[in-house]
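The values are calculated or read from the model by the stated rules, or taken from the named source; none is laboratory data. Small disclaimer: the values here were computed from a predicted structure and weren't measured. Here the Cβ positions follow ideal geometry from the backbone for every residue, glycine too, while neighbour counts run over all protein chains shown. Side chains included, ligands, DNA and RNA excluded: accessible areas come from the protein's heavy atoms. Shrake-Rupley method; radii C 1.70, N 1.55, O 1.52, S 1.80 Å.
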Amino acid sequence: MGLLNLSGFGLGYALVRCWFRTVLCWAATGALLLVALPADPDGVAGGLVIAYLVVLVLAAVDGARIARRRAVGGSWRPMVAAVVGLMLPAVPAGGVVFYGSAQDEAVEQMLLDRLDKGDRTVEAASAKAFGAARGDYRSALAVYRELGEKHAGSRAGKLVPKRLDAYYRSVSAPYRQKKHCEAIEPLTYLRTVPKEIDPKLLGDLVGYPDVPLATSLYECGVSKLGDPAAGTESRELDELLRTFPGSAQAGKVGPAVSRKISEQSGAVRGSNPCVVTETLRRLRATALSLPDKSVSALARNADGSIENGIYACGLAQFKDKRFGEARQTLTEFAATYKKDKRRARARDIAVAAEIAGTRPAAGKHLPPSGRPGGARMQLVISNDAPDGVEILYTGPVTGKVSIGGCGSCRSYSWVSGSLSACKAKGKSYPHATLWLPAGEYHFLYKHRGGSSSASVTSYADGSKIQPGYRYTGCTYVTSSTSLGTGPTDSVSHT
C-alpha cells in the first residue's frame, strides 16, 4: 500500500477506501503538474520538487501504517497490490524522463528564439547607415557569439556559421553597391570581428574584409584627389598605403596620382587656370603627405605646371577686372619664381592692376609686353609733401618709382596747393625723373608713411605724354578742415 502511494496518485489510499487522503495526493500531484507543465527551460524550482517528494514519502509511510491496521478484502488483493506497488514507481520515473526531454526541447526553442531575435536585429540594421546601425550589429554579434560558443551543440548553435555569413553580407552591403567611401567604415569594423568571436565560427570570413577594404580605400581616395572639399591630405590613400602596403590597390596609387597631375597640367592653359592651379597645389600637397616615397616624389611633377598656372591665373584675373586678386597673384609669382623669364612682365601687370584698382581705365587692357622704340620725353616729378611717395604708372611702358619725403614741407589748403606747391624759390625738393614714350598714361601716387600717413590717401590721375615736350609734376598734400575731409594727394603737370 505504501508503494502504491509512491505513484503520486494515492492508489494505496484508494485501495482501502481512504478517499480524503486519496484526494490530497491527487491535489499534490495536480499542483506539481500545474506548475511544471508546459516544460520551462529553467525547469521546476528545486524547493517545489523536494516538497513533493516529501509528500510522496509521507504518503507511502502513512499508507504502510494503515495497511498494517486494516485488512484488505479478498485473498487476491494483497498479491495484486504488491505487484502494482512494485510497478507504479515507474510512473513518476517515466514522468521525470518525459519532463527532462520536454525541458530540453524548451531550451532548444528558447535558443532558436534568441537566434531569430539576432537575425531580426541584423535585418533592421541593414536598413540604416552603418554609423546608426553599429550598436545593432554589435548586439546581434553578441547573440551569435553566445549561441556559437556556449551552445555549440544546440540546433541554434549549429546555425550560427550561416548566420555570420549573412551578417558579413549585410555589413558589407555598401561595398557590393560600389559605394566605396561609405563602405570603408563597415569594412574596417568587420576586421575587428574575429577579436570578438571564436574565429572557428567565422571560417573563411576571417580574412574576407581585407581585399574589399583595400579596394574601397583606393577608389574613395582617388575619387577625392584634388577635391577642395577633401583638403590636401588623403586619409583613405594614407590608410591604404600603411595598412595594405603590398596590395595591388596600393600599387595603383602612384599611377593614379601621376595621371591626375598630368590631366590638370594640361588644363592650365584652359578657361579656368586659377581653379586648375589650386587643384594642382592640392595634388602636390597630397602626394607629399603620403607615406610611400615613390608616390611623394611625384609632387615635383606638379611644380612646373603650378608655376605656369599662377601666371596664367594672374592674367585671367586682370582680364576679368579682378584687379586686387591679379595684383596679389602676380606679386606672389614674381617673388617666388625669380628665375622665370616672365617675372618682369608679371611685375608690370601687377603694377597696372594696382593702379586699375583705383582708376579702372588703367585696366582696359594688359600693359604692352614689349618696349616701344622712338623718342622719349622727360617727366620730372617733385615731392612737396612731408612723407615719401611711391609713384606707379602704366601706359606704353609700366613701372614705379619712389621719392623721399620733404622734411621741411607742409600741407596746403585746397586753393594754395595748386598755386604754391613745389614753387618756393631756392628750395630743393626730392624728385624723380622718368623718360616715357608718347602715349596715354595712368598714375597712382601712394604715400609711404610718416606722421601723416594715417590720414593721407592715395591719388590716381591720367596724363597724355606728347612728343617734343618736357614735363614736370608735383605731388603735395592738401587739407581742408572747413570741408571736414582728410588730406588728399594731388599732382600737377606743367
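Miscellaneous remarks
- Among the residues of region 105-134, those identified as under 17 Å from ARG176 (Cβ atoms) and buried (at least 20 other Cβ atoms within 10 Å of the Cβ) are VAL122, ALA125, PHE130, ALA133.
- The residues of region 346-359 that are surrounded by fewer than 22 Cβ atoms within 10 Å (Cβ to Cβ), of a type in the set (D, E, K, R) and part of a helix (DSSP H, G or I), listed by number, are ARG347, ASP348.
- GLY254 modelled with pLDDT of 95 or more, out of contact with any Pro (no Cβ under 9 Å at 6 or more places or on another chain), farther than 19 Å from TYR175 by Cα and open to solvent by less than 30 Å² (accessible area, probe 1.4 Å): yes
- Answer residue from region 438-455, given it is among the hydrophobic types (A, V, I, L, M, F, W, C) and more than 14 Å from LEU379 (Cα to Cα) and is modelled with the highest pLDDT among those: LEU444
- Unmet requirement for THR277, which otherwise passes all of (1) hydroxyl-bearing (Ser, Thr, Tyr); (2) open to solvent by 10 Å² or more (accessible area, probe 1.4 Å); (3) farther than 30 Å from ALA142 by Cβ; (4) not in a loop (DSSP other than H, G, I, E, B): (2)
- Tallying residues that are closer than 20 Å to SER271 by Cβ and either modelled with pLDDT under 95 or open to solvent by 70 Å² or more (accessible area, probe 1.4 Å) (or both) within region 313-341 yields 5.
- Residue count for region 168-195 satisfying the condition of being open to solvent by 60 Å² or more (accessible area, probe 1.4 Å) and within 25 Å of LEU147 (Cβ to Cβ): 3.
- Among the residues listed as ALA267, ALA299, ALA250, ALA285, the single one being closer than 29 Å to GLU219 by Cα, free of Cβ contacts under 8 Å to residues at least 40 places away in the same chain and within 25 Å of the chain's Cα centre (by Cα): ALA299
- Restricting region 257-274 to residues that are among the small types (Gly, Ala, Ser) and part of a helix (DSSP H, G or I), the residue that is surrounded by the most Cβ atoms within 10 Å (Cβ to Cβ): SER265
One line per residue, one yes/no per condition, for (1) at pLDDT below 95; (2) under 23 Å from TYR175 (Cβ atoms):
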site: PRO228; (1), (2): yes, no
site: LEU241; (1), (2): no, yes
site: SER247; (1), (2): no, yes
site: ARG259; (1), (2): no, no
site: GLY270; (1), (2): yes, no
site: GLU278; (1), (2): no, no
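- Taken over region 135-162, the residue count meeting the criterion of being within 13 Å of VAL193 (Cβ to Cβ) and open to solvent by 70 Å² or more (accessible area, probe 1.4 Å) is 2.
- Flag for ARG169 being at pLDDT 95 or above and among the charged types (D, E, K, R): yes
- A residue that is open to solvent by 10 Å² or more (accessible area, probe 1.4 Å), within 30 Å of PHE333 (Cβ to Cβ) and out of contact with any Pro (no Cβ under 8 Å at 6 or more places or on another chain) occurs nowhere in region 236-243.
- Within region 179-192, the set of residues being over 18 Å from the mean Cα position of the chain (by Cα) and basic (Lys, Arg) comprises ARG191 only.
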